[in-house]
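Take a look at the structure set out below.
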Amino acid sequence: MKISIVGCGGMAHGIHMPSIQKYGKIDVISCADINEANAKSLSEKYSIPLYFTDYREMLEKTNPDAVVCLVSEKAIAGVASDILQKYPVMLEKPPGKTAQETEMIFRAAKKSGKSHMVAFNRRFAPVYTKLKELMRKNEHEKDIKYIRYNFHRVSRRESNFEDTAIHAIDTVRFLAGGDFKKVCIKYQEMPYFGEKVANYYITFEFFDSVFAYAEILVSTGELFEGCEIHAGESIYRASLQKGKEAGGIEYISPEGVYLSIGKEEICPHTEQYLTHGFYSEHKHFYDCLDNGTDPGHGADTALQSVAVCEALKNREGLVLF
């Protein structure tokens, strides 16, 4: 399979190209970036034969089987929608700055019939896929009562932190397996860190009566991301990351059963592109293209997550669906 890369920044260098190389059955035939230095650097580092500053010129001259679109959130809706007229696309999150832009991507894919997938890597993170597998085994996946999600970062100062916070929001929805009904948001503004820098405290109510809470903090003493899920009469805890280490899973039942699954059993690697699901999402997308099946995880599945992030940007306190 021949693919082309659009957007040659840090994520392409450190995360997506290592994922593609590990998959092994892909020929990256070209890359493009409006910054020629970025395109040239990716081309040289990963022996990509051709690089361009115009993605349309690249696609016309190289005609790949699929495209990986890694441009900024400001540009991704227009670029991805344009590419989808002719090529299957895997695109980085968020798929647009607004729900309207996300809908535009979905409409473009529906019109052309081309496969597309939004790269929400937590949906493919080994610790969360293992967690959902354990919950299915215990017949608890449809009996979730409450989810708490902690998303703690260190020294983040971006005014557009909602583009990162979408990871927590989308993962809550993914773990719950349903749609938001009502989302309430509280803000803790921190002007001493910069303009529009804030912690987010978000309460989610789902249509199937599941409740969830996400604590999204921009600057804490330690990097941490993980969840606690109450299902049936049991508790599940999973951590994607604690400090520099990948986490594990705990299960506690009312009968006193305690199960601990360590990181070595879940994912015996330390590279982030493996522990955080980036490789797995690439593998899923290419396997589906090979098999002629729909990869799912399209822009339509991202609409609610993007709508909540749009509310964060606008400092809205309530989102109703």
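All of (1) closer than 19 Å to GLU281 by Cβ; (2) in contact with a Ser or Thr (Cβ under 6 Å, 6 or more places away or on another chain) hold for ILE5 with one exception: (2).
Identify all residues within the range 127-174 that are in a helix (DSSP H, G or I), out of contact with any Gly (no Cβ under 7 Å at 6 or more places or on another chain), farther than 26 Å from GLU73 by Cα and touching a residue at least 24 places away in the same chain (Cβ under 8 Å); write none if there are none. Scanning the range 127-174 gives THR129, LYS130, LEU131, LYS132, LEU134, MET135.
Those strands (runs of 3 or more DSSP E) of the range 210-300 in which at least 1 residues are in contact with a strand residue (DSSP E or B) (Cβ under 6 Å, 6 or more places away or on another chain) and under 30 Å from GLU158 (Cα atoms), considering only elements entirely within it, cover 211-217, 224-231, 234-242. Among the conditions (1) assigned to a helix (DSSP H, G or I); (2) under 22 Å from the mean Cα position of the chain (by Cα); (3) closer than 30 Å to HIS269 by Cα, the only one that PRO95 does not satisfy is (1). Given (1) out of contact with any Asp or Glu (no Cβ under 8 Å at 6 or more places or on another chain); (2) closer than 25 Å to VAL308 by Cα; (3) aliphatic (A, V, I, L, M), identify the lone condition not met by MET90. Among (1) out of contact with any Asp or Glu (no Cβ under 8 Å at 6 or more places or on another chain); (2) closer than 25 Å to VAL308 by Cα; (3) aliphatic (A, V, I, L, M), the lone unmet condition for MET90 is (1). Within the set VAL79, VAL67, VAL71, the sole residue that is at pLDDT 95 or above and either in a loop (DSSP other than H, G, I, E, B) or of a type in the set (Ser, Thr, Tyr) (or both) turns out to be VAL71. Evaluating ALA246 against the criteria (1) modelled with pLDDT of 95 or more; (2) buried (at least 21 other Cβ atoms within 10 Å of the Cβ) leaves one unmet condition, (1). Among the residues of the range 268-278, is any among the charged types (D, E, K, R), in the same structural domain as PHE204 (by TED's automatic domain parsing) and surrounded by fewer than 17 Cβ atoms within 10 Å (Cβ to Cβ)? Yes, there is a match, as at least one residue in the range 268-278 is among the charged types (D, E, K, R), in the same structural domain as PHE204 (by TED's automatic domain parsing) and surrounded by fewer than 17 Cβ atoms within 10 Å (Cβ to Cβ). The set of residues in the range 1-40 being within 20 Å of LEU84 (Cα to Cα) and among the β-branched types (Val, Ile, Thr) consists of ILE3, ILE5, VAL6, ILE26, VAL28, ILE29, ILE34. MET90 falls short on exactly one of the conditions (1) surrounded by 21 or more Cβ atoms within 10 Å (Cβ to Cβ); (2) assigned by TED's automatic domain parsing to the domain that holds ALA311, and that condition is (2).
One residue is enough: does the range 31-42 have a residue meeting the conditions assigned to a loop (DSSP other than H, G, I, E, B) and farther than 25 Å from ASN160 by Cβ?
If we filter the range 31-42 for residues that are assigned to a loop (DSSP other than H, G, I, E, B), which is where we start, we get 33-35.
Going one step further and asking which of them are farther than 25 Å from ASN160 by Cβ, we end up with none.
Scanning the range 31-42, I find no residue that is assigned to a loop (DSSP other than H, G, I, E, B) and farther than 25 Å from ASN160 by Cβ, so the answer is no.
Scanning the range 194-205 for residues that are surrounded by 15 or more Cβ atoms within 10 Å (Cβ to Cβ), under 17 Å from THR164 (Cα atoms) and of a type outside the set (Gly, Ala, Ser) yields LYS196, VAL197, ASN199, TYR200, TYR201, ILE202.
The values are calculated or read from the model by the stated rules, or taken from the named source; none is laboratory data. The structure presented is a predicted model; accordingly, all values stated were derived computationally and were not measured. For neighbour counting, all protein chains shown are included, and Cβ atoms are generated from backbone atoms with ideal geometry for every residue, glycine included.
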